[in-house]
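Right, one structure below, let's go through it.
The values are calculated or read from the model by the stated rules, or taken from the named source; none is laboratory data. Computed from a predicted model, the values in this text were never measured in an experiment. Cβ atoms come from the backbone with ideal geometry, glycine included; neighbour counts cover every protein chain shown.
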Amino acid sequence: MKLLFILRVFKTSIGRKQLMAITGLLLSLFMLIHLAENLLLFKGEEWYNGWVNILITNPLTIYLEIGLLITFIIHIFMGMWVRYENWINSKVRKYETINWQGGRTIGSATMLYTAIILLIYIIFHLLHFKFTDHSMGFYQMVTSAFRNKTFVLIYITGSIALALHLSHGFQSAFQTLGINHEKYNIFIKIASYLVALMMVGFAMISLYYFFGFDIKADIEYNNLVEMTIE
Ligand code: HEM
């Protein structure tokens, strides 16, 4: 019965769009949680390593990771399918103009490109931070990586791509799921831009370590301690 329902969802165009919307919202939630986790870097080595260790030693984490991977795969697969359908339809209805709901923005016009950048970025990110040697500790691994110019440029690009992707994707998901009404569409739009803006936080974290603000903060703190002792 359940399998039949899932097959029906995959079979209809609206079902595929809804799946894309739901997985997109789940991934946005992951991004917000992941950003919050990485803000722990500012609390220092003990906090960051402590949190990551809790995560990697928790037996439930593996199930969450599998769930996340499946969500990513469904989102990418449905995205490609919906794109392909739109392309076929636009060829059939050659002379019809496409009306973008909510107007055409940089976010909506670049969805495909930001998706490709994000896919490449995530593979790079996982190879460098997840499937690698963690013996130096997660804090050292991340902060020392961000001292590298190329690395930081990649993080800024990924962060901007993510912000653009979500600036359109987030509000579009609500529309697809029928959660829209004249009265509160403006709030969905504002929330969408706020979530997008938050994603710039990933770039900010990398820039903070690139410019050595943590070291400056450490020096100032040590000077203060020395002055107090004297
Ligand atoms: C300041 C920027 C970021 C830092 C410092 C960071 C850090 C990390 C670290 C240390 C891990 C490995 C954790 C583990 O081994 O379990 C990780 C995993 C991951 N990151 Fe990031 N990340 C950043 C930005 C991003 C962005 C922008 C994305 C997506 C576009 C992303 C997606 C992921 C995913 C999908 C995983 C795997 C999750 C898991 O298996 O638990 N990260 N990140």
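Miscellaneous remarks
- Search result, residues across segment 37-94 that are outside any helix (DSSP H, G or I) and surrounded by 12 or more Cβ atoms within 10 Å (Cβ to Cβ): 44
- Just one of (1) within 15 Å of the ligand (Cβ to nearest atom); (2) loosely packed, with under 13 Cβ neighbours inside 10 Å fails for residue 14. It is (1).
- Residue check, residue 121 within 11 Å of the ligand (Cβ to nearest atom), surrounded by 13 or more Cβ atoms within 10 Å (Cβ to Cβ), among the aromatic types (Phe, Trp, Tyr) and on the phi < 0 side of the Ramachandran plot: yes
- Listed conditions (1) loosely packed, with under 13 Cβ neighbours inside 10 Å; (2) in contact with a Lys or Arg (Cβ under 7 Å, 6 or more places away or on another chain) are all met by residue 209, apart from (1).
- Selection over segment 147-164 of residues that are surrounded by 21 or more Cβ atoms within 10 Å (Cβ to Cβ) and more than 17 Å from residue 123 (Cα to Cα) gives a count of 2.
- The residue list 68, 40, 64 contains one member that is at pLDDT 95 or above and either closer than 30 Å to residue 213 by Cβ or touching a strand residue (DSSP E or B) at 6+ places or on another chain (Cβ under 8 Å) (or both), which is 40.
- Extreme residue, nearest to the ligand (Cβ to nearest atom), among residues of segment 125-161 that are within 20 Å of the chain's Cα centre (by Cα) and outside any helix (DSSP H, G or I): 130
- Single unsatisfied condition, residue 91 versus (1) under 20 Å from the mean Cα position of the chain (by Cα); (2) more than 10 Å from the ligand (Cβ to nearest atom); (3) basic (Lys, Arg): (1)
- Restricting attention to segment 166-185 and to residues that are aromatic (Phe, Trp, Tyr) and more than 15 Å from the chain's Cα centre (by Cα), the residue that is surrounded by the fewest Cβ atoms within 10 Å (Cβ to Cβ) turns out to be 184.
- Residue in segment 186-203 that is under 18 Å from residue 29 (Cβ atoms), hydroxyl-bearing (Ser, Thr, Tyr), touching a residue at least 24 places away in the same chain (Cβ under 8 Å) and surrounded by 19 or more Cβ atoms within 10 Å (Cβ to Cβ) present: yes
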